[in-house]
Each structure stands twice: as structure tokens, then as C-alpha cells.
1. So how many residues does the stretch 1-49 have that are touching a residue at least 24 places away in the same chain (Cβ under 8 Å) and in a loop (DSSP other than H, G, I, E, B)?
2. I'm trying to understand the selection: among the residues of the stretch 59-82, which are aliphatic (A, V, I, L, M), closer than 28 Å to Thr21 by Cβ and open to solvent by 70 Å² or more (accessible area, probe 1.4 Å)?
3. Among (1) open to solvent by less than 80 Å² (accessible area, probe 1.4 Å); (2) without any contact (Cβ under 8 Å) to a residue 40 or more places away in the chain; (3) part of a helix (DSSP H, G or I), where does Ile56 come up short?
4. Taking the stretch 32-53 as the search range and keeping residues that are β-branched (Val, Ile, Thr) and open to solvent by 50 Å² or more (accessible area, probe 1.4 Å), which one is farthest from the chain's Cα centre (by Cα)?
Amino acid sequence: MDVATVDQEYQQLQQESGALTQVIQGFATKLQTAGDAGDAQAKEWVLDLRGIALQIQQEQLQVQALLMALHDFVGNTLQQVPQAPAAAPVQAVAAEPQGGGMLSRFRGGGFGQAMTQGIGMGAGFGLADSVINSIFS
């Protein structure tokens, strides 16, 4: 496993989510402006956009659940080190590198820290919340 690749992909996912949030918020603002100017269709479209934002929120929650499950799986798998038999010589057990093992490197990365600190998806993954708040504020 390459921790740097995991972190890079996680950051890319955050950036794409942030860009999507900005685009939808911009569109919501345009619709609200048109609705405030008396365009009846725009008011209906704002409600449609709210429904879309709720669907995206559900997708993001599922992605978050998947990432948490993967994080837990990797963490549990890396912690399950086979026990050496009692008669095995000490040299047969591989020493962990000074910088920490795979698990500590994984948890030290951006994705691992986000998952272990309980912040879930982290910044850039609150699309529906921010869009829904901007639509109805």
C-alpha cells in the first residue's frame, strides 16, 4: 500500500467535491435571483435543485461510509500480525522500521488522519448542507 497515493486520491476527491459544491451554489444563486424577480419557473427549479442536493448528500454519505469501512478494514488487517510460535527464534520476527509500521504511516497520512480523528470526509464534503442552506437562507 502506498500512503502517498491514498492521500493524493483523497485530496483529489475533496477538490472535486468542493468544485461541485461551488458550481451548484452558483446555479442556486442564479435561480434564487430569478425567483426573487418573479420568475415562477425559477422558484420551482430551486425546489428541484434542493432535491438534487439531497440526493448528492446521500451519495456523499455512502462514499463516507465506504471510506470508513475501507479504513477500518485496512487498520484491522494491518494490526493482525501473525503470532510467532513460542519456539521460534527472535531473529525470525521482522523488526518494525523506526518510522513506524504500515499502520502508523497510513494513519499519519491525510486520509488516515481524517478517518481516525472522526472528521469523516473532512472539508469539501458538505455539498448538500451548504447548498441547501444557501437555497433556503
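The values are calculated or read from the model by the stated rules, or taken from the named source; none is laboratory data. Note that the structure is a prediction, hence the values are computed from the model and not measured. Because the Cβ atoms are built from the backbone with ideal geometry, glycine has one as well, and the counts that use them run over all protein chains shown. Surface accessibility is based on the protein's heavy atoms, side chains included, excluding ligands, DNA and RNA. Shrake-Rupley method; radii C 1.70, N 1.55, O 1.52, S 1.80 Å.
1. Residues that pass the stated criteria total 1.
2. Once the filter is applied, which keeps residues that are aliphatic (A, V, I, L, M), closer than 28 Å to Thr21 by Cβ and open to solvent by 70 Å² or more (accessible area, probe 1.4 Å), the stretch 59-82 yields Leu61, Leu66, Leu70.
3. Unmet for Ile56, out of (1) open to solvent by less than 80 Å² (accessible area, probe 1.4 Å); (2) without any contact (Cβ under 8 Å) to a residue 40 or more places away in the chain; (3) part of a helix (DSSP H, G or I): (2).
4. Thr33
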